[in-house]
């Protein structure tokens with residue numbers, strides 16, 4: 001056969017979708033799309049969001065199913081902003097297939113995603129979370145008997161310097177300037193005000209100050225000791241399966257003993273909706289039997305409240321001296337809780353809480369970029385938290401059905417694990433070392449014989 005000459009490449013006019021290259025995360029999103037489609041996710045959200053539809057006029061907006069899928073992608077890809085989500089979708093064929101966006105169509109714009117979030121009500125986002133939780137219940141991934149509760153403080157998208165007084169409307173900066181003048185500084189600069197603000201102990205009170213850009217945010221002290229405007233995020237997780245059964249967003253200055261009943265009530269409402277009929281008949285009053293929390297939730301009110309409801313508490317107890325005079329119910333509930341947390345089951349539940357509650361909480365904070373919020377308003381923060389928890393539950397469902405809860409795990413499923421290879425190499429080295437020791441012990445007399453070895457001494 002004769003050799004040919006290189007011809008100029010002629011562009012192909014048409015290619016099929018199967019000929020296009022696929023990204024590494026395509027198998028995960030393909031399986032997730034199949035699971036959502038079979039369960040009727042898009043039809044469900046369209047029926048839920050029907051009140052948000054306008055009269056047939058103008059250009060159609062973003063379908064609600066695509067909107068929720070976009071935010072699921074943000075969780076699985078670890079993307080914080082709507083701009084990043086839109087850019088990631090435009091750059092991935094697998095995500096286009098997952099969203100149902102044609103190749104000749106542009107991806108959803110970031111402003112469209114933001115406007116859709118503001119347009120859809122909080123109850124609609126709650127319905128989506130309940131729908132995902134119901135799918136977990138159908139798969140046997142929700143028990144609802146033992147709950148672990150934890151909370152965290154989310155830094156709001158608002159600055160302390162933007163505070164103003166509720167009564168007079170005076171800005172925080174003018175307030176600091178007046179304090180500096182009262183201390184003898186005639187013309188205080190920003191550095192003088194900042195220095196004075198750092199020395200103040202009680203910087204601001206939520207009763208006197210409010211941020212005009214985010215009126216729902218509250219002044220709170222973060223875990224690192226800094227003072228910021230923040231929200232309080234609290235959730236309840238099923239300790240038998242790891243599913244998030246309830247999530248609430250409350251004011252940052254709300255104490256743990258005040259926020260716990262709200263979260264538990266929400267958890268009970270969600271569990272009643274998905275509880276099996278047989279289990280509901282056996283426990284008509286409540287499906288929750290145990291609650292596990294840290295010492296921040298320890299109080300006489302909480303212990304007595306749940307003792308009267310028949311719910312066993314496993315709440316870590318702070319070190320303190322108590323006077324039980326006239327507090328028989330409080331004493332009984334406290335001692336019962338103390339016996340439980342010191343028992344074998346109590347210690348196991350507290351360890352499991354750290355594994356299934358605190359660790360996934362921190363993971364979601366990092367995955368969803370919640371260390372500092374980029375949305376404002378309690379409603380928008382609540383919507384974001386509901387969808388992040390729904391995506392986390394979807395990951396749990398995917399891990400149970402397909403063995404991988406994230407696109408990264410799905411992509412790594414077909415490749416050998418580096419840790420496994422390292423372990424095999426270490427095992428091989430150990431075996432070779434043991435073999436060398438055996439050979440050394442066997443031939444040691446000959447090696448130690450000195451000149452006789454050179455003469456062919458056989459031992």
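A few remarks follow.
- Shape descriptor for segment 160-210: Rg over Rh equals 0.96 (Cα atoms; Rh from the Kirkwood inverse mean 1/r).
- Pair-distance profile P(r), taking every C-alpha pair of segment 158-278, with 5 angstrom steps and integer %: 2, 10, 16, 16, 14, 11, 9, 7, 6, 5, 3, 2, 1, 0, 0, 0
- Length released on extending from residue 240 to residue 224, taking residue separation times 0.36 nm less the Cα-Cα span: 2.6 nm
- Among 432, 394, 179, 133, sorting on how many other beta-carbon atoms sit within 10 Å of each Cβ, with the fewest leading, yields 432, 179, 394, 133.
- Ranked 178, 224, criterion: other C-beta atoms within 10 Å, fewest first: 224, 178
- Take each peptide in 85-91, 236-242, 35-41, count the other Cβ atoms within 10 Å of every residue, and average; sorted highest first, the result is 236-242, 85-91, 35-41.
- Separation of segment 312-364 from segment 119-182 is 26 Å, based on Cα centroids.
- Exposure proxy shown here: for 272, 101, 66, the number of other Cβ atoms within 10 Å sets the order, fewest to most, as 272, 101, 66.
- Under conditions of 4 °C and 1.567 mPa s, segment 22-120 yields 92 µm² s⁻¹ as its translational diffusion coefficient, taking Rh as the Kirkwood radius over Cα pairs in the Stokes-Einstein equation.
- In segment 22-120, Cα pairs under 8 Å separated by at least six residues give a relative contact order of 35 percent.
FYI, it's all coordinate maths here, none of it is from the lab. Because the structure is a prediction, the values reported are computed rather than measured. When we count neighbours, we look across all protein chains shown, and the Cβ atoms used for this are built from the backbone with ideal geometry, even at glycine.
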